[in-house]
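> Please see the structure below; I have some questions.
The values are calculated or read from the model by the stated rules, or taken from the named source; none is laboratory data. Note that the structure is predicted; figures quoted are calculated from it, not measured. Ideal geometry is used to build each Cβ from the backbone, glycine not excepted, and the neighbour counts take in all protein chains shown. For the accessible areas, the whole protein counts, side chains as well, though only heavy atoms, and no ligand, DNA or RNA atoms are used. Shrake-Rupley method; radii C 1.70, N 1.55, O 1.52, S 1.80 Å.
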Amino acid sequence: MSRLLRPARVLLLGPPGSGKGTQTERLLKRFDLPGISSGDILRRHIKEGTEIGMLASSIINQGRLVPDDIMTEVVASELGRRHWLTPANSWLLDGFPRTRGQAEMLDSRELAPARAGLNFVVELVVPEHAILDRIANRLVHVPSGRLYNLTYNPPKVAGRDDVTGEPLTRRADDDPAVFRKRLHEYRASTQPLVEFYKNKGAGVVWSVAGETSDVIFAQLETEVVRRFGERVEET
Ligand code: ATP
Ligand code: MG
């Protein structure tokens, strides 16, 4: 475990199934960062049967994106409870912003605590065959967002979360037809954000390619340390 010397305000971008959730989990552990995942927040709303959850579930199950105004409301209320979300701290966003509209929202008054802006936008580049293979083998523990892969990272007990022993589920939106739609949405709405952030500042966007999460994480870890420095904590 170590801490970063300079604040890293990180956004992970990448097609569905590119491993954003896995990289998030690993970064949070490795550097003791706080973070949020918009997909996990929505899945919790759905599980708890909230009004937002009911609205979101049909949209998600069709592989479409939740509209910007609803998404901003969801994220803003979540961020309001996060004391760490200030420019001086390091933090990580997985899955938000995901459209041009949301990116502008994050820079605006509505999400003021985050206003210093992202200083490290990571684009995960993963070949399509690896993505398709991965989602066919993916299981999730909804309450925590913990991810498993039947090939690379199977649970210790089949079908059960390692930490709580609770059942694992498949995401309904990992169905092949829905997944194709999600890929399409990514290319249409989210990929343009890479250009948006490139125009914001030189070196903000960093692209990393690999077929497995291990290969990508090794590069990501090195780059984070190179950019932000680390102080190793005695344990
Ligand atoms: P993966 O988890 O494999 O990286 P993903 O990025 O498509 O794939 P999530 O981030 O878990 O999956 O999001 C699941 C779904 O939730 C999306 O397909 C979309 O419908 C909805 N969603 C999540 N974040 C947003 C957002 N910022 N704006 C709009 N919709 C969102
Ligand atoms: Mg995700």
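> Would you call THR99 within 16 Å of ligand 2 (Cβ to nearest atom) and open to solvent by less than 40 Å² (accessible area, probe 1.4 Å)? Steps first, please.
Numbers: within 16 Å of ligand 2 (Cβ to nearest atom): yes; open to solvent by less than 40 Å² (accessible area, probe 1.4 Å): yes.
Answer is yes for this residue.
> Of (1) in contact with a Ser or Thr (Cβ under 7 Å, 6 or more places away or on another chain); (2) surrounded by fewer than 21 Cβ atoms within 10 Å (Cβ to Cβ), GLN23 satisfies all except one. Which?
With respect to (1) in contact with a Ser or Thr (Cβ under 7 Å, 6 or more places away or on another chain); (2) surrounded by fewer than 21 Cβ atoms within 10 Å (Cβ to Cβ), GLN23 is out only on (2).
> Further question on the same structure: Only one of SER144, SER207 is under 18 Å from the mean Cα position of the chain (by Cα), at pLDDT 95 or above and outside any helix (DSSP H, G or I); which?
Result: SER207 is the single residue among SER144, SER207 that is under 18 Å from the mean Cα position of the chain (by Cα), at pLDDT 95 or above and outside any helix (DSSP H, G or I).
> Look at region 165-185 and say how many of its residues are of a type in the set (Lys, Arg) and not in a loop (DSSP other than H, G, I, E, B). Show your work before the answer.
Looking only at region 165-185, we keep the residues that are of a type in the set (Lys, Arg), and these are 170-171, 180-182.
Restricting the remaining residues to those that are not in a loop (DSSP other than H, G, I, E, B) gives 180-182.
Number of matching residues: 3.
> Now, a different point. Being closer than 18 Å to VAL204 by Cα and assigned to a strand (DSSP E or B) is the filter here; which residues of region 1-29 pass it?
Of everything in region 1-29, those that are closer than 18 Å to VAL204 by Cα and assigned to a strand (DSSP E or B) turn out to be LEU4, ARG9, VAL10, LEU11, LEU12, LEU13.
> Related question: Residue pairs, Cβ under 7 Å, 6 or more apart or interchain, first in region 191-215 and under 21 Å from ALA8 (Cβ atoms), second part of a loop (DSSP other than H, G, I, E, B) and polar (S, T, N, Q). List them.
That search, which allows pairs on different chains as well, returns VAL204/ASN119.
> Of the residues LEU79, LEU13, LEU106, only one is touching a residue at least 40 places away in the same chain (Cβ under 8 Å) and more than 15 Å from ligand 2 (Cβ to nearest atom); which?
That would be LEU79, the only listed residue that is touching a residue at least 40 places away in the same chain (Cβ under 8 Å) and more than 15 Å from ligand 2 (Cβ to nearest atom).
> Considering only region 30-51, how many residues are assigned to a helix (DSSP H, G or I), more than 11 Å from ligand 2 (Cβ to nearest atom) and either without any contact (Cβ under 8 Å) to a residue 24 or more places away in the chain or among the polar types (S, T, N, Q) (or both)?
3
> Out of the residues in region 39-70 that are within 6 Å of ligand 1 (Cβ to nearest atom) and in contact with a Leu (Cβ under 8 Å, 6 or more places away or on another chain), which is most open to solvent (accessible area, probe 1.4 Å)?
ILE60
> Among the residues of region 137-152, how many are open to solvent by 20 Å² or more (accessible area, probe 1.4 Å), touching a residue at least 24 places away in the same chain (Cβ under 8 Å) and not hydroxyl-bearing (Ser, Thr, Tyr)?
So the count comes out to 6.
> Moving to a separate point now. Out of all the residues in region 158-179, is one or more open to solvent by less than 40 Å² (accessible area, probe 1.4 Å), charged (D, E, K, R) and in contact with a Ser or Thr (Cβ under 9 Å, 6 or more places away or on another chain)?
yes
> Could I ask something else about it? Within region 213-225, track down each residue that is in contact with a Gly (Cβ under 9 Å, 6 or more places away or on another chain) and surrounded by fewer than 16 Cβ atoms within 10 Å (Cβ to Cβ). Reasoning before the result, please.
The first filter runs over region 213-225 and keeps only residues in contact with a Gly (Cβ under 9 Å, 6 or more places away or on another chain), leaving 213, 216-219.
The answer is ALA218, GLN219.
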